[in-house]
Amino acid sequence: MSAVYILWLRELKRYVRSRAQIVASLGQPMLYLIALGFGLGPVFQKAGQGNYVQFVAPGIIAMTVLFSAVFSGVGLLWDRQFGFLKETLVAPVPRIQIMLGRTLGAATVACIQGMLVAVVCLIAGFRPVDWRAVPVAIGFMVLIACLFAALGTAIGSVLQNIQGFQLIMNFLVMPIFFLSGALYPLSNLPGLLSLVTMLDPLAYGVDGLRTTLIGVSHFGLAMDMAVLMTSLILLLFIGSRLFDRIQA
């Protein structure tokens, strides 16, 4: 049986068995959706921007996928600490298969959590403008999940302890989220901030979800897809090189 499939299945089983993780994955998105979606809704509507829950829901879904995928790096650190990673690395299979299996497993878990949050958004009142575009939106979720799962694997391959991962969260992952336009429109931003958001790959994922789900676009669907695909290929290459250098 392929090592990619085995590691993918292992990540999926570990998630399914962890009921606490499933429940916890809904906590932060629900907080953002309720506190911001309904709290800032009247302000957003008075500004002439429409229903804020409709606007922020794709961003909340993207946020869930982002955090879940990147946290796969923490799983790599735990496996290193308890010796499972060493047992995996000495197996007679190419390391690229191990890296791909872990990445795809983390991406699958992130997509499942994104789907759960999408259901919560529907309960909160969010409605896609065209249900036929939902499969395309799921495709964007998969791209976001694979992209940031590869980033999490790359980060986990370099770090030696979990304390260092907290530094990465504060100075890399959180800025990626807040600069993506998940919580606010990207139009009419100051010049420097607008330039920084254009360098954020999650901004294109959020824009792709908004375009397909509510018909609001900033970069354009073709640009969103191109940037996400290019970033995914680049991070898979970098992640595989870094993972290959881990000492067994």
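Where a number appears in this text, it was derived from the coordinates with a stated rule and is not lab data. What you see is a predicted model, and the numbers here were worked out from it, not measured in a lab. All Cβ positions, glycine included, derive from the backbone under ideal geometry; neighbour counts span all protein chains shown.
Go through region 172-179 residue by residue and turn each phi into a ³J(HN,Hα) via Karplus (6.51, -1.76, 1.60, θ = phi - 60°); whole Hz please, and just put x for glycine and proline.
Listing the rounded values in order: 10, 5, 5, x, 4, 5, 5, 8 Hz.
With +1 on each Lys and Arg Cβ and -1 on each Asp and Glu Cβ, how big is the dipole of the chain about its Cα centre, in debye rounded to the nearest 20?
So the dipole magnitude of the chain works out to roughly 500 debye.
Can you work out the PRE-style zone for Met198? Point 7 Å along Cα to Cβ, and I want the residues of region 170-191 with backbone N under 15 Å.
The answer is 186-191, whose backbone nitrogens lie closer than 15 Å to the label point.
What is the gain in length, in nm to one decimal, between Ile96 and Phe38 on full extension, counting 0.36 nm per residue of separation less the C-alpha to C-alpha distance?
Gain on extension, Ile96 to Phe38, equals 16.4 nm.
List Trp8, Trp78, Trp131 from most exposed to least, where exposure is judged by having the fewest other Cβ atoms within 10 Å.
By the 10 Å Cβ count, ascending, the order reads Trp131, Trp78, Trp8.
Would you mind ranking Asp200, Asp244, Asp130, Asp224 so that the residue whose beta carbon has the fewest other beta carbons within 10 Å leads the list?
Going from least to most buried by this count: Asp130, Asp244, Asp200, Asp224.
Using Cα springs under 10 Å in a Gaussian network model of the chain, which residue among Cys121, Cys146, Cys111 shows the largest mean-square fluctuation?
Maximum fluctuation in the GNM of the chain, among the listed residues, is at Cys121.
Report relative contact order for region 3-244 in percent, whole number only (criteria: Cα-Cα under 8 Å, sequence separation at least 6).
27
Could you work out [θ]222 nm for the chain from helices alone, using -39500 (n - 2.57) per DSSP H run of at least four and dividing by all its residues? Round to the nearest 500 deg cm²/dmol.
-24000 deg cm²/dmol
What order do you get for Ile60, Ile214 when you list them from fewest to most C-beta neighbours inside 10 Å?
Fewest to most other Cβ atoms nearby, the residues stand as Ile214, Ile60.
Quick one: if you stick a label point 7 Å off each Cα along the C-beta vector at Lys46 and Leu9, how many nm between them?
Each label point is offset 7 Å from its Cα along the Cβ direction, giving 5.8 nm.
From the gyration tensor of the Cα coordinates in region 3-244, what semi-axes in whole Å does the equivalent ellipsoid have, largest first, with each one equal to sqrt(5λ)?
Result for region 3-244: semi-axes of 32, 19, 16 Å.
According to a simple spin-label model (label point 7 Å from Cα along Cα-to-Cβ), what is the distance in nm between Met223 and Met174?
Output for this residue pair reads 2.9 nm.
Obtain the nm distance between the two label points defined at Trp78 and Gln166 by a simple spin-label model: each point lies 7 Å from its Cα along the Cα-to-C-beta direction.
Between Trp78 and Gln166, the label points sit 1.7 nm apart.
Per-residue HN-Hα couplings for region 219-225, Karplus 6.51 cos²θ - 1.76 cosθ + 1.60 at θ = phi - 60°, whole Hz, x for Gly and Pro?
Each residue of region 219-225 in turn: 9, x, 4, 5, 5, 4, 5 Hz.
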